[in-house]
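Have a look at the structure below, then the notes.
The values are calculated or read from the model by the stated rules, or taken from the named source; none is laboratory data. These figures come from a predicted structure and were not determined experimentally. Using ideal geometry, Cβ is built from the backbone for each residue, glycine included, and neighbour counts are taken over all protein chains shown. The protein model used for the area step is the full one, side chains on, heavy atoms only, and it has no ligands, DNA or RNA in it. Shrake-Rupley method; radii C 1.70, N 1.55, O 1.52, S 1.80 Å.
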Amino acid sequence: MLNGKIIENVLCAALCKGGDFAEIFVEDKYNSNIKLVGGLIENNMSGRDYGVGIRIIDKLNCIYAFTNDSTEENLIKVAKEAASALQNASIDLKLNFMKSDITNYNPIKIMPSSVEKKKKIDLMKKGYEAAKSYDSVISQVIVNYLEEEQSVLIANTEGLLAEDRRVRTRFSVGSVASKDGEMQQGSYGPGASMGFEFFDKINVEEVGREASRIAKAMVYADHCPSGVMPVIMDNEFGGVLFHEACGHSLEAAFISKGTSVFTDKLGQLVASPLLTAIDDGTMPNEWGTTNIDDEGTPTKRNLLIENGVLKSYLIDKLNGKRMNMESTGSGRRQSYKFAPTSRMNNTYIAKGDSNLDEIISSTENGLYAKKLDGGSVNPATGDFNFAVMEGYLIKNGKILKPVRGATLIGNGLKVLELIDMVGNNLSLGQGMCGADSGSIPAGLGQPPLRVKSLTVGGRMGDE
C-alpha cells in the first residue's frame, strides 16, 4: 500500500518537532450495500474509501491528521502540519521495520466482490418472500445486504509494520406488522467476518421468518405493565445490555480519565460471583474479530470479570500510557478519518449451569425479554435505559402472554450484582457500536440470565 521508504520519511516528518511516538494508518476499503423494499431494489450502492491517518503522541497528548492523497510529497506535508502543534526539538530517527507474522482468525473462502450481483439479489428476494408470506398482518418488509473488504497497513516509530485484511458479510430483514391501526416491528440481522460462504451458514428464509415472527407476536401483544420485577434476558443480542451498560465503562478511554464506575476497582468484587465476562478479538470468523487491532497490536482474549472480580480493562496504546498499562489489543477506529481508542471486539458473558426452562420456572412473576433493542447509557454513572423488542410476562413460573413497549431502566454496576441465575446456552449477536473513534462492528452475547430485581417501564401501571 505504501513502501517502507515513504513510511519512514513520513514518520520522520511527523516527529520533526519532537514527540514520543508517531504512527501511520493506511486504509483501502471496498463496500457494497443493497436495500430491497417491498420486493424491489431501492438502493444499490458500492464505494471505495482510501486514505491515510497520521498520529503523533507527545507525552499524554495526541495530534491526528488524515488525507486521501497518499503521494509522498503530500503525506510529508500533512505530517509536518500536524507536527507544527509541537515546539520541541526534532528527533533523529532511524527506523528498522519488523514485519511480524500474525495469526489469521478469519479465513475467507469466497470474496463477496467476486460473486455476481444477481445471486445476492436472489437471496434477498428469498428472504423477502419468506418474511412477507409469514402472516397476513405483515405489511412491509425491508431486506439489507452488506459486504465490505478492508485492507489496512499500520506502521509506527517503534518499528512495527503490520497488515491485515478484514472481510465482512451481513444479511438483515426488518418486518412491520399492522393490525387495527397499530404497527409493530421485528428485525433480525446476522453477520460474520466471512466471505460469501456466510450463506452456507445461515438460511435467509429463516432470517425473514424470524423478523416477521417477532413483529406478529408484538402486534398482538398487550402493553407491558411497569414496576420492579425479576427480568430474564435471553441469549444472543441480549448481550447488548452488558455491552452498553458495562462494557463501555471498562474501556480505558473512560478509566484513564477517572470517569468510569470501574476506575480503581481492579481486583475488587464488582458483580455477582456467577458472572464471568470476556472480550475476545480472536474468535474465528466472529463479527468483531480482527487479527490485529487498529494500532497493529495482535488481538487477544481479555478476561474482564471472573466470578464477579474485576480482572482487566480494555486498553489502547495512548490510554495505556496514561494508565501505565500495556495495550490489550483493543485500539479500534471506523476508518483512517478517526484516531483509535479503546473499544470492544466480541464481548460476552460466559455460560453458567442453568437452562432457560429452569430460569423461567423458578421465576414466580417477571418479564422475559427475548429480544432487546437499542438503548443509551451514561458511562460515568452506569445508568441505562433499554427498549425490549420482544417481551413476555411470566406468571407462576410460566410464560403468560406477549407484552410490548417495555423498557429496562437501571444501573450497570447494580445489575451485575443482581444477576442470580446464568444459563448454559451462550450465543452471540452482531451490532454496530458508535463512540469517539466512529462506528465499528462489535460482537456481543450472553447465555440467558436473570436479574432478580430491575425497573421495567411500561404503559399499564403495576400489575
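A quick yes/no check of all residues on (1) aromatic (Phe, Trp, Tyr); (2) surrounded by fewer than 21 Cβ atoms within 10 Å (Cβ to Cβ); (3) farther than 18 Å from Leu413 by Cβ:
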{"position": "Leu269", "(1), (2), (3)": "no, yes, no"}
{"position": "Pro273", "(1), (2), (3)": "no, yes, no"}
{"position": "Thr282", "(1), (2), (3)": "no, yes, yes"}
{"position": "Thr289", "(1), (2), (3)": "no, no, yes"}
{"position": "Tyr313", "(1), (2), (3)": "yes, no, no"}
{"position": "Lys321", "(1), (2), (3)": "no, yes, yes"}
{"position": "Arg332", "(1), (2), (3)": "no, no, yes"}
{"position": "Ser335", "(1), (2), (3)": "no, yes, yes"}
Exercise for the section: Search the stretch 149-160 for residues that are more than 11 Å from Glu23 (Cβ to Cβ) and open to solvent by 10 Å² or more (accessible area, probe 1.4 Å) and pair each with any residue that is assigned to a strand (DSSP E or B) and of a type in the set (S, T, N, Q) when their beta-carbon atoms are under 9 Å apart and the residues are at least 6 apart or on different chains. Expected result: Glu149/Asn31; Gln150/Asn31
Practice task
Assess whether Leu408 counts as being of a type outside the set (Val, Ile, Thr), part of a strand (DSSP E or B), open to solvent by less than 20 Å² (accessible area, probe 1.4 Å) and within 28 Å of Asn355 (Cβ to Cβ).
Solution key: yes
Problem - Candidate set: the stretch 196-221, residues that are of a type in the set (Gly, Ala, Ser) and not in a loop (DSSP other than H, G, I, E, B); chosen: the one most open to solvent (accessible area, probe 1.4 Å) - result: Ala217
Problem - Qualifying residues in the stretch 244-273 (those that are in contact with a Gly (Cβ under 8 Å, 6 or more places away or on another chain), hydrophobic (A, V, I, L, M, F, W, C) and over 18 Å from Glu306 (Cβ atoms)) - the one modelled with the lowest pLDDT - result: Ala245
Fill in the blank from the handout: Taking the stretch 1-37 and keeping only residues that are under 26 Å from the mean Cα position of the chain (by Cα) and open to solvent by less than 10 Å² (accessible area, probe 1.4 Å), one is left with Glu23, Ile24, Phe25, Val26, Glu27, Ser32, Ile34, Leu36
Exercise for the section: Might you check whether a residue that is open to solvent by less than 40 Å² (accessible area, probe 1.4 Å), at pLDDT below 95 and not in a strand (DSSP E or B) occurs anywhere in the stretch 373-388? Expected result: yes
Handout entry: Single residue of the stretch 64-88 satisfying the filter (touching a helix residue (DSSP H, G or I) at 6+ places or on another chain (Cβ under 7 Å) and without any contact (Cβ under 8 Å) to a residue 24 or more places away in the chain) that is farthest from Leu146 (Cα to Cα)
Key = Ala65
Completion exercise
With criteria (1) β-branched (Val, Ile, Thr); (2) under 16 Å from Ile56 (Cα atoms); (3) more than 15 Å from the chain's Cα centre (by Cα), Thr341 comes up short on (3)
